[in-house]
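Here is the structure we will look at.
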Amino acid sequence: EAQVTQNPRYLITVTGKKLTVTCSQNMNHEYMSWYRQDPGLGLRQIYYSMNVEVTDKGDVPEGYKVSRKEKRNFPLILESPSPNQTSLYFCASSFHQGYGYTFGSGTRLTVV
Amino acid sequence: SQELEQSPQSLIVQEGKNLTINCTSSKTLYGLYWYKQKYGEGLIFLMMLQKGGEEKSHEKITAKLDEKKQQSSLHITASQPSHAGIYLCGAALNAGGTSYGKLTFGQGTILTVHP
């Protein structure tokens, strides 16, 4: 089944403890992206990648890192999480311009 | 202020009624995407519009992009409870945006359909 898989689905962590949210797609898509969704602020793009080793900042990149060493994987790294990074995170991938992004099921992160 | 404004923010309709959701930008929309989301879940792609004046339909949902490519509307005919959810528009707001996968989203419209 064609899909974008994020792990974990739920995560509670403490301030400052490094964490990684994994994202994998099995559709050979070129484009991958990370978004966070917050009440009243909507869906905001964190980072996006056009292909392997090609990434760029979205609208809210501060406090996040990404890497694209393989086409299928696009992990989101929080080196030192803070409570303001508590949010619902989505990974998405797309084949090319003109195609809609396929979204993962989301990761609900709570930083205490 | 949001670069993409959706209206209304929420909508409550009776089953069987028609409804329209709007997505407006002060910038040219290079690629306009409509998604549906169930609360707390992932987004489901509905359709994509690129050309001014373009219109697409899928089942009872029709989306249009105006000639100036600054506004899109999503119209649902004879709404059903299964249409309930959050509708989001997303767009590339610069010419390179569609090439680079950089999309900006509106805040969403919460649709409730009463049986």
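Is it fair to say B:T62 is crowded, with 17+ Cβ neighbours inside 10 Å and either without any contact (Cβ under 8 Å) to a residue 24 or more places away in the chain or out of contact with any Leu (no Cβ under 7 Å at 6 or more places or on another chain) (or both)?
On the way: crowded, with 17+ Cβ neighbours inside 10 Å: no; either without any contact (Cβ under 8 Å) to a residue 24 or more places away in the chain or out of contact with any Leu (no Cβ under 7 Å at 6 or more places or on another chain) (or both): yes.
In short, no.
Filter the stretch A:12-29 for residues that are under 19 Å from A:Y99 (Cα atoms) and either touching a helix residue (DSSP H, G or I) at 6+ places or on another chain (Cβ under 8 Å) or open to solvent by less than 50 Å² (accessible area, probe 1.4 Å) (or both) and give the result. Across the stretch A:12-29, the qualifying residues are A:S24, A:Q25, A:M27, A:H29. Mind checking which residues of the stretch B:44-58 are surrounded by fewer than 17 Cβ atoms within 10 Å (Cβ to Cβ) and either more than 12 Å from the chain's Cα centre (by Cα) or away from every other protein chain (no Cβ under 11 Å) (or both)? Answer for the stretch B:44-58, where residues must be surrounded by fewer than 17 Cβ atoms within 10 Å (Cβ to Cβ) and either more than 12 Å from the chain's Cα centre (by Cα) or away from every other protein chain (no Cβ under 11 Å) (or both): B:Q50, B:K51, B:G52, B:G53, B:E55, B:K56, B:S57, B:H58.
Residue by residue, here is whether (1) open to solvent by less than 10 Å² (accessible area, probe 1.4 Å); (2) at pLDDT below 95; (3) within 14 Å of chain A (Cβ to nearest Cβ); (4) part of a loop (DSSP other than H, G, I, E, B) holds:
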| site | (1), (2), (3), (4) |
| --- | --- |
| B:H75 | no, no, no, no |
| B:G90 | yes, yes, yes, no |
| B:A95 | no, yes, yes, yes |
| B:S99 | no, yes, yes, no |
| B:T112 | no, no, no, no |
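Counting only residues that are facing another protein chain (nearest Cβ under 8 Å) and in a strand (DSSP E or B), which one in the stretch B:24-43 is farthest from A:Q6 (Cα to Cα)? Residue satisfying both the conditions and the ranking: B:Y33. At least 3 residues being within 12 Å of another protein chain (Cβ to nearest Cβ) and open to solvent by less than 30 Å² (accessible area, probe 1.4 Å) is the threshold, and among the strands (runs of 3 or more DSSP E) wholly inside the stretch A:31-112 those reaching it are A:31-38, A:42-51, A:87-94.
All conditions in (1) in contact (Cβ under 8 Å) with a residue 24 or more places away in the chain; (2) surrounded by fewer than 15 Cβ atoms within 10 Å (Cβ to Cβ) hold for B:Q70, with the sole exception of (2). Counting the residues of the stretch B:1-23 that are part of a strand (DSSP E or B) and touching a residue at least 60 places away in the same chain (Cβ under 8 Å) gives 12. Every condition in (1) in contact with a Phe, Trp or Tyr (Cβ under 8 Å, 6 or more places away or on another chain); (2) within 11 Å of another protein chain (Cβ to nearest Cβ); (3) surrounded by fewer than 20 Cβ atoms within 10 Å (Cβ to Cβ); (4) not acidic (D, E) is met by A:R9 except one, and the failing one is (1).
The values are calculated or read from the model by the stated rules, or taken from the named source; none is laboratory data. Since this is a predicted model, take the numbers as computed values, not measurements. Cβ: placed from backbone, ideal geometry, glycine included. Neighbour counts: every protein chain shown. When the accessible area is computed, the model is the full protein with side chains, heavy atoms only, and any ligands, DNA or RNA have been set aside. Shrake-Rupley method; radii C 1.70, N 1.55, O 1.52, S 1.80 Å.
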